[in-house]
């Protein structure tokens, strides 16, 4: 069995179902991120694993043992909270020693563990400072060390960077990843920031409304999203309306595309979700065309607003104008007023039906 | 944590609390309104308000509080404005000065007042206006300071100055509307203070409501108790008005009338 | 507003008010406390004030204040703990409002209310007698030290509750959760975090309650008509009486002693509050 496992975990708050049929397997030494908007259940799942809240159904396992009946203090986990978790009356070092001292470990062991972590993280110079004397970033680093001193089996991080400045966030998430790799500790990270999730995780679980939508490596999620929601969550994606021609093919721009493997029920129209890098746009000499109405340069990508000139055969019903995001390299030579044509690489597109 | 034991303990404590605080109110109301033949009567209240001395003292107290409010506003509002806009470095000093009366118990202040003021001051009950304004300072200062702090008055004033506003317009259209909560809180605080202040009034031998009430206690118990309940209810209503105006209780914990 | 005097214009009115109506009384107190009846310099007033019957009065006041503050801290804190963590929002608001109301109850009306309840002919006394409990059967009377203590608790306990509620809310839930994830027992957490964090705040509140009680006059005056010789009562009677020729001077000296005690308590309070504020930031 996986090192950490959620099996059919359910959580009800009053009448509200915060987690439904939640299944998750985490391998030893993995860093998994639970990613989703607020209210999706990611923090709930984390806190159930920590034992801070009981589940309404299902079981939770750590290293083969079912831990639901165990109180938090006996689960041997480490947790970093979003903010305010450092004890204000103890300095940084005393905070770090707290876990081992609470378990009556001997002083030599405490000294050894704390000092090695202080060295690895470079926090030695701050060890006598009190929380109110530390910056937000330093506080979270202290909180991280405090959680690791007890050598927990699993490390849990509940949106630890959300309260920090953008620059500090990047520094600390890299430090978290570095430490995690070095110590080989199984880690669950919770966040709503997709960049965070993508940059440090082995795998990412995208959640919505209490359900785990897709669990895969960041690359896989980007290239092969299962759901429109997942596709939209990572990076930019174009949403191009299409029309069903046959139950297994749609009219996308000029061509009829076979979409036997698309998700959902084949009724109504379909939506093609295509990444900027899968679109080629060029000035058209003849054939199906669209006119460039506006261009917005956004750095690595450019938004090109186009107006389809002559609709394809049999009323595809494209909107008056649509914005298509392409890589800026493609859009380099375009000017307003140009007539252009598209080429789609559908290998990494997601087609979903909309009723 | 939320075991049955702790829940029942909490319930027990709450019950004891309710009994301790509400029984005396109930018992004394019955005491005041019980008539000799076993029923209840509002007679003591009628007697109270037919009593010249009592009504006069109430009016005097109300007049004194009115003047004290005016004095406080005229003196304190410019001062607090000053330390927020003109000389921010003096804010801490003003705070210290306004909190100073807290260190000197009212009875001691009263004695000092008695022995330092010239007779022309002591010959009028309205000398209490100044005494009470000083007594109320720690509380009225906090109320007004909080009101000014919450609106960043400095920016407002600068903005209105760039728009070409004159001094009076500034005061009436900008400053006063924005510190309304602080103003009302001060009014109510002083009212509660004056209706309950005893030390100064008894030392200087003025017939304010509290001193007359104390004397009434010796002659007509029912009247005195009825008036006491009424004045307590009155102060409670006043405090309710303050708290509805002011979400946070930080500034005006208690008026210190004991 | 460029002139020197113009720079402080707005602060002049309050300066005048304070100097005249606070400053002059303070100077008078200091002056008279160091004078004898004839106006010559002397320290005997202080000697008298701190011995014999006046010393008894000071000690009585201090005892009453120490005791009422202590009981209020314990009872109020327990009460506040029970209420602050309650999930019933309404309960917390009600208790908070009620505490605010009762903390401001005092003076003459409060005294009369208690006389009408627990006095010799008070309504509660009568009712208790009807069920067989004679409160006045033994030595006890409302007009005693213990009676006064009970009355003082009526406004002291609510003040404690009022201050405790935000104090307990300041205990972040993350601390307990962090402590649990670190494998600590509740006891260790209580000992290592809760108590050290609350201690300075509780002590500061204790001092606040102490000075609140120490400076109180009206309640005692109306309740006991001078039979309980607290310092404020002694001061008032010295001023009122014409018997002692240097009565006023002794009263002033007593006043200075009062101020000294309150000032010490208040300065400790302020330094504690400052320390707590630092942590809170």
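Would the stretch A:29-171 count as rounded, prolate or oblate if I go by the C-alpha gyration tensor, calling it rounded below 1.5 in a/c and otherwise prolate when a/b exceeds b/c, oblate otherwise? Since a/c reaches 1.5 but b/c is at least a/b, the shape of the stretch A:29-171 is classed as oblate. Counting Cα-Cα pairs of the protein assembly as shown in 10 Å increments starting at 0 gives whole-percent bin shares of 2, 10, 15, 16, 14, 14, 12, 8, 5, 3, 1, 0, 0. Scaled against 2.2 N^0.38 Å for its residue count N, the alpha carbon radius of gyration of the stretch A:1-110 is 1.22. The value given for the stretch B:42-245 is a Kirkwood hydrodynamic radius of 18.6 Å, derived from the mean inverse Cα-Cα separation. So what's Rg/Rh here for chain A, counting alpha carbon atoms and using the Kirkwood radius for Rh? Radius of gyration relative to Kirkwood radius: 1.09. Computed from Cα positions, the angle between helix B:106-116 and the longest principal axis of chain B comes to roughly 70 degrees. The sum of -39500 (n - 2.57) across all DSSP H runs of n ≥ 4, divided by the residue count of chain A, sets its helix-only mean residue ellipticity at 222 nm to -7500 deg cm²/dmol.
Given the options C:214, C:189, C:102, which has the most mean-square fluctuation in a GNM of chain C, springs set between C-alpha atoms less than 10 angstrom apart? Of C:214, C:189, C:102, the most mobile in the Gaussian network model is C:189. For peptide C:196-204, the mean count of partner chain Cβ atoms within 10 Å of a residue's Cβ comes to 1. When the helix-only estimate is applied to chain C (DSSP H runs of n ≥ 4, each -39,500 (n - 2.57), divided by the residue count), what is the mean residue ellipticity at 222 nm, nearest 500 deg cm²/dmol? That comes out to -23500 deg cm²/dmol. Nearest 10 degrees is fine. How inclined is helix A:107-121 to the longest principal axis of chain A, computing both from alpha carbons? For helix A:107-121, the angle is close to 30 degrees. Summarising the label geometry, the points placed 7 Å from Cα in the beta-carbon direction at residue A:27 and residue B:159 lie 5.9 nm from one another. Sorted largest first, the principal axis extents computed over the alpha-carbon atoms of the stretch A:61-126 equal 41, 29, 22 Å.
Among B:36, B:46, B:142, the largest mean-square fluctuation in a Gaussian network model of chain B (Cα springs under 10 Å) belongs to B:36.
Taking the Cβ of each residue in A:83, C:184 as the centre, tally the other Cβ atoms inside 10 Å and list the residues starting with the fewest. Lowest count first: A:83, C:184. With no solvent and one point on each alpha carbon, what is the Debye value of log10 I(q)/I(0) for the stretch C:158-269 at q = 0.17 Å⁻¹? So the normalised log intensities are -0.89. When every alpha-carbon pair in chain C is counted, what percent end up more than 36 Å apart? Every Cα pair in chain C considered, those over 36 Å come to 34 percent. Here the translational diffusion coefficient of the stretch C:51-184 follows from Stokes-Einstein with Rh set to the Kirkwood radius across Cα pairs; for 25 °C and 0.890 mPa s it amounts to 140 µm²/s. Distance between the pseudo-spin-label points of residue C:244 and residue B:50 (7 Å out from Cα toward the beta carbon): 4.5 nm. Protection proxy ranking of C:119-132, B:192-205, B:64-77, by the mean of other Cβ atoms within 10 Å over each peptide's residues and highest first, is B:192-205, B:64-77, C:119-132. Calculated mean residue ellipticity, 222 nm, chain B: -23500 deg cm²/dmol, from DSSP H runs (n ≥ 4) at -39500 (n - 2.57) each, averaged per residue and rounded to 500. Averaged over the residues of peptide C:215-224, the number of Cβ atoms from other protein chains lying within 10 Å of each residue's Cβ is 6. With everything on Cα atoms, drop me the angle between helix A:166-183 and the longest principal axis of chain A, reported from 0 to 90° to the nearest 10. Orientation of helix A:166-183: about 60 degrees from the principal axis. Taking the number of Cβ atoms within 10 Å of each Cβ as an exposure proxy, the fewest-first ranking of A:175, A:182 is A:182, A:175. Cα centroid separation, the stretch C:188-211 to the stretch C:134-152: 31 Å. Dividing the convex hull volume of the alpha carbon atoms of the stretch B:1-41 by its residue count gives 68 Å³ per residue.
Only the coordinates and a few stated rules stand behind these numbers; no lab work does. Computed from a prediction, not measured in an experiment: that's the story for all the values here. Note that we place each Cβ from the backbone using ideal geometry, even for glycine, and neighbour counts take in every protein chain shown.
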